[in-house]
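This report refers to the structure that appears directly beneath it.
The values are calculated or read from the model by the stated rules, or taken from the named source; none is laboratory data. Values in this document were obtained by computation on a predicted structure and should not be read as measured data. Quick reminder, even Gly has a Cβ in these numbers, built from the backbone with ideal geometry, and neighbours come from all protein chains shown. Note: accessible area is taken over every heavy atom of the protein model, side chains too, but ligands, DNA and RNA are not part of it. Shrake-Rupley method; radii C 1.70, N 1.55, O 1.52, S 1.80 Å.
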Amino acid sequence: MTQTRGVFGDALLIARKDLLLERRAKIGLGQVIPFAILVLLLFAFALDPDRGVLKQATPGLFWVTVLFSSVLTLQRSFGLEAEDGILEALRLSGLSPAGIYLGKVTALTIELLLLEAVLVLGVAVLYDTEFLGIPLLLAIAVTATLGISAAGAVYGALAARLRSRETLLPLLLLPLLAPVLIAATRGCEVSLQREAMSGWPWAALLGIFALVYLTLGSFLFRPLLEDA
Amino acid sequence: MSGASMTETLCIIGAWLVTFGAVGAYAASVILRGRRLSKIVPPEQRRWM
Amino acid sequence: MTTTKTESLSTVPAAPTGTGSRGTRVLGAVALLFLVIAVAYGLLISPPDAQLGNTIRIIYMHVPTVMAAYLAFLITAVSSGMYLWKRTEFWDLLGSSAAEIGVLFFAVTIVDGALWGKVTWGVFWRWEPRLTTSAVLLIMYIGYLAVRAIPADPKTRATRCAIIGLVAVVNIPIVHKAVDWWRGLHQGKTVLGTIDPEMGGTQLFAMYSALVAGILVCVWLLIHRFRAGFLAERASDLGLDQALEERRLESSPAQGADS
């Protein structure tokens, strides 16, 4: 009982630390969100808005933008710690590795959900999207984001100490997130009534993805911090 | 018709050639690497557990 | 390090001059036999399939390579887990060797699949579920090899690779499910990647002999690759030892002057 409270207490500590850092430095708000909006503009330039392609492809474009932004967010979140040797300090701090991992995931999930909220506004304004099936959309956003953070935190921490991290992290992470992209995009299309089927199996698949990587990450973070 | 069966034959032969070629080339490279390394590594360390 | 004492010890059993041994030669010969049978039956003796026609002959190569690749990735996953538990060089080398072989077989599988698509659909690539899954998994394991190729302390590198090996393998069923559902909306089941139960006798024989050959070649390659990897580690240890020795010789007079 004390063990589990310890893990979640540690997680809360780390999450609070990360979010505080983020609020002070404002890299997420100051750089990643403008980048994400920029990508929305670039898609509009690439796919002629007058031919309706943009509107049809909105869920896919939205989630691709989220994936790319999440790579930047991860690099930011772990790059800082690797540079200042904070990962070493964390390892020596006596906090449980699973707690550190869950804290990182929590902070990342909150940051990415904020980013998605801004992107939803962007999509609504720029791509003229009508939002239907809000409960399903919310479920998909939460499960997909949790999955991205859960898998991303493992690879983010792993790549942070490598010199070629800028290229390695996307190479490692994006294929891993391929099922998330598929499921989130299809789920949103169902929700926006572009496809006639139930969208909840997609949300369930995203939930399973998140759960699997949360479990695995909690176990792998100890060797990751100690030896990798 | 003959064009289609030509493509078919080429693709079938191609698939077998690619499979045998790639695996064969890899096998050769591994074996040659092993021989080259065996010359460097002293005999008492040339034991694979 | 190397003295006359160790040299005299090593003269008792003759040290191998490569990665071969009696075991691998026997295994290689059996694999070769099955390969010859597979070529004879797959290309010459067995009749064209009722539905697939002659393209079934591509399937005779496609299925064994994909099976060998999955076997290799399974070995990588088990080795990764075992490495994190036991922390021995054996599991690290086995896992990374298997990953490399898995990538090789997967790449071949995708090329074979694309050639099958060219004949069957007239285009190299359609978003056929099995091919799509293979492409995603291939890139995932290329990432593993990319991390493996980064020079690092062997223990650090081994831990990194073991983590990636485990993270990657649990994604395999999820990618399968996602891609199946996704493509299931647009097209029915395809034959690629399955063994049709209505195959005739010689067709089944060709398929199974190719399958056995594929698995045997995979294991044979794995043994050789493992040994080559082991030798490479010893060679790099040697390089390190030599470098340390040189450094010591260089710095010792300077140290003497300092003190």
Nearest-0.05 FRET efficiency for C:Leu33 and B:Arg35, computed from C-beta distance (R0 30 Å): 0.75
Dipole size in debye (nearest 20) for chain A around its Cα centre, Lys and Arg Cβ +1, Asp and Glu Cβ -1? 340 debye
1.4 Å probe accessible area per residue over chain B, in Å²: 58 Å²
How much accessible area per residue does chain A have, in Å², with a 1.4 Å probe? 45 Å²
At q = 0.16, 0.21, 0.27 Å⁻¹, work out log10 I(q)/I(0) for region B:1-43 with the Debye formula, treating every Cα as an identical point scatterer and leaving solvent out; two decimals please. -0.57, -0.71, -0.85
Debye, to nearest 20: dipole size of the protein assembly as shown, +1 on Lys, Arg Cβ, -1 on Asp, Glu Cβ: 840 debye
Hey, how many Å between the Cα centroid of region A:161-178 and the Cα centroid of region C:138-173? 11 Å
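Give me the percent relative contact order of region A:2-227, please, defined on Cα pairs under 8 angstrom at least 6 residues apart.
Across region A:2-227, relative contact order equals 28 percent.
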With a 1.4 Å probe and every protein chain kept in, tell me what percent of the accessible surface of the protein assembly as shown is carbon plus sulfur. 67 percent
Measure nothing fancy, just the Cα-based angle from helix B:2-40's long axis to the longest principal axis of chain B, in degrees from 0 to 90, nearest 10. 10 degrees
So how do A:Phe43, A:Phe221, A:Phe68, C:Phe90 rank on accessible area, 1.4 Å probe, biggest first, that is with the largest at the start? A:Phe68, C:Phe90, A:Phe43, A:Phe221
Of C:Gly42, C:Trp91, A:Leu112, which is farthest along the charge dipole of the protein assembly as shown in the positive direction, counting Lys and Arg as +1 and Asp and Glu as -1 at C-beta? C:Trp91
Please pull out the direction-averaged projected area of region A:2-227, using the convex hull of its alpha-carbon atoms, in nm² to one decimal place. 12.5 nm²
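With charges set only on the Cβ (+1 for Lys and Arg, -1 for Asp and Glu), what does the dipole of chain C come to about its Cα centre, in debye to the nearest 20?
420 debye
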In square angstrom and rounded to 100, what buried accessible area do you get between chains C and A, total over both, with the probe at 1.4 Å? 2600 Å²
Work from the charge dipole of chain A (Cβ charges, +1 for Lys and Arg, -1 for Asp and Glu, about the Cα centre) and give the residue of A:Ser164, A:Met197, A:Leu38 farthest towards its positive end. A:Ser164
Rounded to the nearest 10 degrees, the helix C:22-39 long axis (Cα) sits at an angle to the longest Cα principal axis of chain C of 20 degrees
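Across the protein assembly as shown, how many lysine pairs, 8 or more positions apart or on different chains, have C-alpha atoms separated by under 16 Å? Please give the number. Don't jump to the answer; show the numbers that get you there.
Working: A:Lys17/A:Lys26; A:Lys17/A:Lys104; C:Lys86/C:Lys155; C:Lys177/C:Lys189.
Going through the protein assembly as shown pair by pair, I get 4.
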For n ≥ 4 DSSP H runs only, could you compute -39500 (n - 2.57) per run for the protein assembly as shown, divide by its residues and tell me the 222 nm figure to the nearest 500? -28000 deg cm²/dmol
Can you give the accessible area of A:Asp128 in Å² (nearest 10), computed on protein heavy atoms with a 1.4 Å probe? 100 Å²
Output field shielding_mean for C:135-148 (other chain Cβ, 10 Å radius) holds 4
If R0 is 30 Å, what FRET efficiency do you get for B:Ala28 and C:Leu240 from their C-beta distance, rounded to 0.05? 0.55
Using θ = phi - 60° and Karplus 6.51 cos²θ - 1.76 cosθ + 1.60, couplings along region C:212-222 (whole Hz; Gly, Pro as x): 4, 4, x, 5, 5, 4, 4, 5, 4, 4, 4
If a helix is a whole DSSP H run, which ones in chain A reach 24 Å or further along their own axis (Cα) and hold a mean Kyte-Doolittle hydropathy of at least 0.5? A:58-83, A:97-126, A:134-160, A:200-227
